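Structure first, commentary second.
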Amino acid sequence: MTEVKHTKPWETVPAYGRQLRLREVASITGLSKSQIYLMISEGRFPPLVKIGSRASALPEPWLEAFIQHRADETLEQKP
């Protein structure tokens, strides 16, 4: 049986721990806020969680899963 890779690895990670605001997520990833929103709409980035009536954040474990997934993809492409 072949291993099935999860294309959205953050879906298997609980949303506990620090909740990162978008500015911090942009700083950590080096992506702009508009690029993050675009990737979220395309399903290529973990969604933000509503934490208040006018506030959203990203659970830190979801961001870590996203970054690890991208690193794994990069390493798989190396000869």
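Table for the structure above
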read-out	value
Rough spin-label spacing in nm, given labels placed 7 Å along Cα→Cβ, for Thr7 and Ile67	2.5
Over the chain - Rg/Rh using Cα atoms and the Kirkwood inverse-distance radius	1.00
Positive minus negative residues near Ile40 (Lys, Arg vs Asp, Glu; Cβ under 14 Å)	+2
Crossing angle, helix 60-77 versus the chain [Cα axis fit, 0-90 degrees, rounded to tens]	30
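Since every read-out is calculated from the coordinates, none of them should be taken as a lab result. All values derive from a computational prediction rather than experimental measurement. Cβ sites come from the backbone with ideal geometry, for glycine too, and all protein chains shown count toward neighbours.
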